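Below is one structure, written out as structure tokens, with a few remarks after it.
The values are calculated or read from the model by the stated rules, or taken from the named source; none is laboratory data. Everything numeric here is computed off the predicted structure, so don't read it as measured data. We place every Cβ from the backbone using ideal geometry, glycine too, and count neighbours over all the protein chains shown. The accessibility values were calculated without ligands, DNA or RNA, using every heavy atom of the protein model including side chains. Shrake-Rupley method; radii C 1.70, N 1.55, O 1.52, S 1.80 Å.
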Amino acid sequence: LYCRRGDGLNWFKEVSLSDINNFRKKLISDVNSIKNIPFPSKSILEYVPFISKYYSDENDDNLITKKFTLDNFFDNIMEINEIYKFDYFNDFFSSEWIL
């Protein structure tokens, strides 16, 4: 993941889609409007080479769409200032991230 906050702070982190989905569920419990931000399905592993038997070149468009959707999700939530106060937000963006 690459995330950018409104004040210009940037993060890079390797994380699973499941971890991101759990993070999203916590955010939704506190900021209900986040559920309206599009989020990719868990089926992303179908489109990753060597992980699934379903991978083929024609699935590249699906993977690109899912990546764009995830990037858009983080771009949108980073604009919601109230999420920065939650402990789980700070835990998710912990020192494991490279600034």
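Only residues that are at pLDDT below 75 and surrounded by 11 or more Cβ atoms within 10 Å (Cβ to Cβ) were counted across the stretch 58-78, and they come to 4. Considering the stretch 18-50, the residues that are hydrophobic (A, V, I, L, M, F, W, C), part of a helix (DSSP H, G or I) and modelled with pLDDT under 80 include one that is least open to solvent (accessible area, probe 1.4 Å), namely Ile44.
Scanning the stretch 5-14 for residues that are open to solvent by 40 Å² or more (accessible area, probe 1.4 Å), assigned to a loop (DSSP other than H, G, I, E, B) and in contact (Cβ under 8 Å) with a residue 24 or more places away in the chain yields Arg5, Gly6, Leu9. For Asn81, the conditions (1) surrounded by 12 or more Cβ atoms within 10 Å (Cβ to Cβ); (2) more than 16 Å from Ile28 (Cβ to Cβ); (3) at pLDDT 85 or above all hold with the exception of (1).
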